[in-house]
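The values are calculated or read from the model by the stated rules, or taken from the named source; none is laboratory data. Source: prediction; values computed, not measured. Here Cβ is always computed from backbone atoms with ideal geometry, including for glycine, and neighbour counts include all displayed protein chains.
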Ligand SMILES: C[S@@+](CC[C@H](N)C(=O)[O-])C[C@H]1O[C@@H](n2cnc3c(N)ncnc32)[C@H](O)[C@@H]1O
């Protein structure tokens, strides 16, 4: 493994924002969305003049845009945004040699990986161990020589079945049903084979190992939870690993063609921290970050510790108790989030929604608490960002609005007003796409456009 040192790409990218057109005049729709005279109508009117649509961004705010991007395609982190989204926003925000890019909810590490390819230093933080691991390990793939991985993998294959199976968190219910017996045993032996390797190969092969778990299991990461699909056709672990190794080899060749002048040095290697963006006091930033490109968990009930439970159970937790500790330690965006007695909605819009939901029969009574805790946590997060960012820093954040029992929450605007309250200037609200509603909500309350937006703030 050699550290490729190629000349630094510091010139970078212009800073002219793209012109956009209104495909739908947002104000036309407000009247139909909220009760007349409501706090939500008020906040929509307040931000109306800085809101516009750029629906061509719709395909870039999701992971789908990474399908053909070398290395970012290896591990499917389905909550990620696309490489081209980050590249586009680095350009729009006028990123240059003196910038320090920060993703405080870094996930797969798309922001840092893209910054690195653009020659910019970056830093990321995530509270989910698997996300932290992947984003820390992905950049290492860039230092592999052609065929290096394949030559390591081929002699390992005959050793796998002779190895002792690695321990897994087998008391977690999903682990009892996610695999057939033979596949689970092979995966455990494969994992111990990988654990015997030296660093960084151990981490690189572990990354590939995590990336095959879904296809070797009866589960599928689609929708709110990790779904069980008993009739699914599953892959054999060794063959799946061989395909992943081949994919990495292909990407090593492709990256040289796509980025012939790529420069990676100590300065542009991302700093990655396992941490909580609600409290950044322990994070050792090289200097104050000047750009944030990020996307928080959405207030949509999805639980990352369920979606990624196989990976967590294979490596990051010893048992169910440890898994639950992670579940209750991440941002409170999911339904099992715990609320303290003294916690109340931190914004008038949220108070209005929580009260409206209190008058409805809910299919889950915990929804109002989840909404309250989500906004309490996000308010803390925004305050922390204001503290650590350099004066003049720019923030681009992708957020999804949500709708529960017909009550629409303009998450993009509430978070923007919270940002304004701590001192940020809200520059733009860019609507990237409108999402559909669940069939139950549509039947009961009709169909309304639910925005997924990019909010742009300046410190
Ligand atoms: C929408 S995803 C971000 C995806 C990322 N933009 C990417 O391209 O992969 C939100 C991330 O926030 C992380 N997260 C949840 N709670 C957190 C916390 N308290 N501090 C930091 N990260 C957290 C989740 O683990 C998840 O990876």
- Message: If residue 435 meets every condition in (1) within 16 Å of the ligand (Cβ to nearest atom); (2) modelled with pLDDT of 95 or more apart from one, which number is that one?
- Response: (2)
- Note on the structure: Of the conditions (1) over 13 Å from residue 299 (Cβ atoms); (2) in a strand (DSSP E or B); (3) modelled with pLDDT under 95, the single one that residue 430 does not satisfy is (3)
- Of all the residues that make up region 197-220, how many are farther than 19 Å from residue 135 by Cα and surrounded by 15 or more Cβ atoms within 10 Å (Cβ to Cβ)? 6
- Only listed residue being within 13 Å of the ligand (Cβ to nearest atom) and surrounded by fewer than 19 Cβ atoms within 10 Å (Cβ to Cβ), chosen from 67, 78: 78
- Run down 90, 142 and say which single residue is more than 8 Å from the ligand (Cβ to nearest atom), at pLDDT below 95 and either part of a helix (DSSP H, G or I) or under 18 Å from residue 331 (Cβ atoms) (or both). 142
- Message: Return the residues of region 289-307 that are near the ligand (Cβ under 10 Å from one of its atoms), closer than 18 Å to residue 453 by Cα and not in a strand (DSSP E or B); say none if nothing qualifies.
- Response: 295, 296, 297, 298
- Within region 36-55, is there a residue that is more than 16 Å from the ligand (Cβ to nearest atom), part of a loop (DSSP other than H, G, I, E, B) and buried (at least 23 other Cβ atoms within 10 Å of the Cβ)? no
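Residue by residue, here is whether (1) surrounded by fewer than 24 Cβ atoms within 10 Å (Cβ to Cβ); (2) within 21 Å of residue 388 (Cβ to Cβ); (3) touching a residue at least 40 places away in the same chain (Cβ under 8 Å) holds:
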position: 104; (1), (2), (3): no, yes, yes
position: 131; (1), (2), (3): no, yes, yes
position: 142; (1), (2), (3): yes, no, yes
position: 159; (1), (2), (3): yes, no, no
- Spot the failing condition for residue 85; the list is (1) closer than 18 Å to residue 452 by Cα; (2) more than 11 Å from the ligand (Cβ to nearest atom), and only one is missed. (2)
- Taking the residues in region 93-108 that are part of a loop (DSSP other than H, G, I, E, B) and more than 8 Å from the ligand (Cβ to nearest atom) as candidates, determine which candidate is nearest to residue 377 (Cα to Cα). 100
- Tally of residues being more than 25 Å from the chain's Cα centre (by Cα), crowded, with 16+ Cβ neighbours inside 10 Å and more than 18 Å from residue 334 (Cβ to Cβ) across region 348-391: 3
- Note on the structure: Over region 310-347, the set of residues assigned to a loop (DSSP other than H, G, I, E, B), within 15 Å of the ligand (Cβ to nearest atom), in contact (Cβ under 8 Å) with a residue 60 or more places away in the chain and surrounded by 15 or more Cβ atoms within 10 Å (Cβ to Cβ) is 317, 330, 331
- Item | Top-ranked residue in region 117-130 [being part of a loop (DSSP other than H, G, I, E, B) and near the ligand (Cβ under 9 Å from one of its atoms); ranked as farthest from residue 377 (Cα to Cα)] | 128
- Note on the structure: Being assigned to a helix (DSSP H, G or I), under 30 Å from residue 281 (Cα atoms) and without any contact (Cβ under 8 Å) to a residue 60 or more places away in the chain narrows 154, 183, 114 down to just 114
- Filtered residues of region 263-288 (kept if away from the ligand (no atom under 16 Å from the Cβ) and surrounded by 17 or more Cβ atoms within 10 Å (Cβ to Cβ)): 263, 264, 268, 269
- Please indicate, with yes or no, whether at least one residue in region 215-223 is modelled with pLDDT of 95 or more, assigned to a helix (DSSP H, G or I) and either at negative phi or over 24 Å from the mean Cα position of the chain (by Cα) (or both). no
- Query: Is at least one residue of region 397-405 part of a helix (DSSP H, G or I) and within 16 Å of the ligand (Cβ to nearest atom)?
  - Reply: no
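Rundown of residues vs (1) modelled with pLDDT of 95 or more; (2) out of contact with any strand residue (DSSP E or B) (no Cβ under 8 Å at 6 or more places or on another chain), yes/no style:
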position: 361; (1), (2): no, yes
position: 377; (1), (2): yes, yes
position: 390; (1), (2): yes, yes
position: 394; (1), (2): yes, no
